[in-house]
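The values are calculated or read from the model by the stated rules, or taken from the named source; none is laboratory data. As the structure is a prediction and not an experimental result, all values here were calculated from the model. Every residue, glycine among them, receives a Cβ derived from its backbone with ideal geometry; neighbour counts consider all protein chains shown. Note: accessible area is taken over every heavy atom of the protein model, side chains too, but ligands, DNA and RNA are not part of it. Shrake-Rupley method; radii C 1.70, N 1.55, O 1.52, S 1.80 Å.
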Amino acid sequence: MKVFHTILILAFAFLATFGEATLTAPRQWLGAQVDLLPALMVYAALNAGLPTIALLAVLGGVWFDSLSANPLGISILPLALIGWPIYWRRDLILRDLPFAQLVLGAAASAIAPALTLLLLLSGGKDLLVGWGTLWQWIVMTAVGAVATPFIFSLMDASNRALGYQERIEPGFRLDREIQRSRKKL
Amino acid sequence: MFKQKNYLALGAVVFVAIVLLSLPTRATARLKLAVGSWFLPLFGLAGAAQQLPADLADSLLPRRELLKQVDTLRRENQLLRSQSVQSTAIARENDQLRALFNWQRQSPWKLKLANVVMRDPANWWRTVQIDLGSRDGVRENLPVITAAGLVGRVSSVSLTRSQIVLLGDPNCHVSALVENAARDMGVLIAGGTLDTSLVELTYLASSANLKPGQSVITSGLGGVFPKGIPIGQIVDARSVEYGLYTDARVKLNATLGSLEQVWVLFP
């Protein structure tokens, strides 16, 4: 596990949760608050290890719930259920293509709130749900989809700027040099 | 294929989630507040950043403009003082009349100003958090108002912060009264999911004579909200359940979408 990469992902999740709780502009303009954690989970599932995905699911979920009226821990499972299948099949996903990132971001941003709502409703909670919820769900999906390629670019750029770079091995290796010499007669 | 360690990690995450969800309510509330306090430095920074442009604008304001503002405020202050004297006299008269009829004396409201520091990030709740907590004397179920009218009630309290459940949230029901001849009473419940300014007033009598523009105030029943706090105005009404009772939509006086400062009302 690259510790710095994990810290960077968790720091972004922390700031994203804080932003969602303090920025009122999306709610006023679009009628819904957007959630960037599913999009970040897509990034983590495609670019980080399993411990990072687990940490993001647990900490991201707990941070989100601590600022919300949600029961503590309800957001962990939806995030985990997004991260695991993507991680499982990540070798088959063209992770560098913005279109793939967009589609995965849309799917993740649609599934996460739907699963959370399902869990809350099955727990007998009285929620503010109606036809307007459909609009909010569409907004969350669309914004999450658009945000995913940006999150990929931002995280990659931050990782390059702040993290340790991998040492590039030169192609030339002394031990594999072919010794050419004239045969001594 | 998925390796064993992957299943173990998934199992650990599920285990943590189940443990957190099955904690007792009090422990969950404490844990929530403890985790939420991690964000306090960021709230401080955000507050300072919001205050900075206002401070800059104040420092750049010309002297003439400041003097003009002082003059306006002085006049306003004089007007409010005269109104205060008048209302004190009215209150004294009210007390005397209450004593004459042996009615219980009404205690005046005590208010504490609070800043709204954050909103619920989830779309299915309508709550905000304020910067007053148990150390300021705030406790659960205290009414929260603005100058325009009722906003909601305190739902949970920590040392430095409190959560306010706003009107329109499914967990905030208010017994309300329509200011018409019949004084029709109903219960204020959640309204639409998108428009925060509209809520539903339900269980009104089927014979209720409701007209758009009629004021709605708290009825004082239920013991949470004192009587007479303005809530909003009737928008429209319709008969439901084959005329069993009437529902009405109420436009709230307070603008819940852009709350910045609120008053916590201490009875």
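Helix-only arithmetic for chain B: the sum of -39500 (n - 2.57) across DSSP H runs with n ≥ 4, divided by the residue total, places the mean residue ellipticity at 222 nm at -11500 deg cm²/dmol. Once you reduce the stretch B:156-189 and the stretch A:5-28 to the center of their Cα atoms, the two points are 31 Å from each other. Here chain B is treated with +1 on each Lys and Arg Cβ and -1 on each Asp and Glu Cβ, and its dipole about the Cα centre works out to around 620 debye.
May I ask for the Kirkwood hydrodynamic radius of the protein assembly as shown, worked out over all distinct Cα pairs and given in angstroms to one decimal?
On the way: mean 1/r = 0.0391 Å⁻¹.
For the protein assembly as shown, inverting the mean 1/r across all distinct Cα pairs yields 25.6 Å.
Positive end of the dipole of chain A (Cβ unit charges, origin at the Cα centre): among A:Ala107, A:Leu134, A:Leu162, the Cα lying farthest that way belongs to A:Leu162. Simple rule: put +1 on each Lys or Arg Cβ and -1 on each Asp or Glu Cβ in the protein assembly as shown, find the dipole, and look at B:Ser175, A:Ala32, A:Asn47; the Cα lying farthest toward the positive end is A:Asn47.
Here the contact order of chain B, divided by its residue count and restricted to Cα pairs under 8 Å and six or more residues apart, works out to 15 percent.
Show A:Arg180, B:Arg249 ordered by accessible area, largest first, where the area counts protein heavy atoms only and the probe is 1.4 Å. Spell out each step's value before the answer.
Working: A:Arg180 195, B:Arg249 90 Å².
Ranking A:Arg180, B:Arg249 by accessible area, largest first, yields A:Arg180, B:Arg249.
In debye, nearest 20, what is the charge dipole magnitude of the stretch B:67-214 about its Cα centre with +1 on Lys and Arg Cβ and -1 on Asp and Glu Cβ, if you could check?
Values: 17 positive and 13 negative charges, 110 e Å.
Dipole about the Cα centre, nearest 20: 520 debye.
For chain A, complete DSSP H runs whose alpha carbons reach 24 Å or more along their own long axis and whose mean Kyte-Doolittle score is 0.0 or higher are A:3-22, A:98-122, A:131-162. In summary, the aspartates and glutamates within cross-link reach of B:Lys68, defined as a Cα separation below 20 angstrom excluding same-chain residues under 8 places away, comprise B:Asp55, B:Asp58, B:Glu76. Placing a label point 7 Å from the Cα of A:Asp156 along the Cα-to-Cβ direction, the residues of the stretch A:3-29 whose backbone N falls under 18 Å of that point are A:5-6, A:8-9.
When A and B come together, around 4300 square angstrom of accessible surface is lost from both chains combined, probe 1.4 Å. Sequence-distant contacts, meaning Cα pairs under 8 Å at least 6 residues apart, place the relative contact order of the stretch B:201-267 at 32 percent. Accessible area per residue was computed with a 1.4 Å probe on protein heavy atoms; B:Leu244 scores about 120 Å². Charges were assigned to the Cβ only: +1 to each Lys and Arg, -1 to each Asp and Glu. The resulting dipole of the stretch B:224-267 about its Cα centre is roughly 100 debye.
Separation of the stretch A:137-185 from the stretch A:39-59 is 20 Å, based on Cα centroids.
Ranking B:Arg75, A:Arg173 by solvent-accessible area of protein heavy atoms (1.4 Å probe, all protein chains present), from largest to smallest, gives B:Arg75, A:Arg173.
Within straight-line reach of B:Lys3, meaning a Cα separation under 24 Å, sit the following lysines at least 8 residues removed in sequence or on another chain: A:Lys2. Between B:Glu260 and A:Phe172, the FRET efficiency from the beta-carbon distance, with R0 = 56 Å, is close to 0.30. Derived value for the stretch A:78-156: Kirkwood hydrodynamic radius 13.7 Å. Basis is the mean of 1/r over every pair of different alpha-carbon atoms. Within the assembled protein chains, the solvent-accessible surface assigned to B:Leu45 is about 120 Å², based on a 1.4 Å probe.
Apply 1/(1 + (r/R0)^6) to the Cβ-Cβ distance of B:Gln51 and A:Leu15, taking R0 = 22 Å, and write down the FRET efficiency to the nearest 0.05. Don't skip to the end; give the middle numbers.
Details: r = 20 Å, r/R0 = 0.92.
Efficiency computed from Cβ-Cβ geometry: 0.60.
Lys and Arg at +1, Asp and Glu at -1: add these up for the other residues within a Cβ distance under 15 Å of A:Asn70 and post the number.
Numbers: positive: A:Lys125, B:Lys32, B:Arg119, B:Arg126; negative: A:Glu20, A:Asp35, A:Asp65, A:Asp126, B:Asp120, B:Asp169.
Computed value for this residue: -2.
Taking 27 Å as the straight-line reach from the Cα of B:Lys32, the lysines in range (excluding those fewer than 8 positions away in the same chain) are A:Lys125, B:Lys112.
Given the C-alpha atoms of chain A, compute the convex hull and give its volume per residue in Å³.
Details: hull volume 27.3 nm³, N = 185.
Cα-based convex hull of chain A, divided per residue, equals 148 Å³.
Given Cα pairs under 8 Å that are at least 6 residues apart, what percent is the relative contact order of the stretch B:125-211? It would help to have the intermediate numbers written out before the result.
Numbers: 178 pairs, mean separation 18.9, N = 87.
Averaging sequence separation for qualifying contacts and normalising by length gives 22 percent for the stretch B:125-211.
Solvent exposure of A:Ile168, expressed as accessible area, is near 150 Å², computed with a probe of 1.4 Å over the protein chains only.
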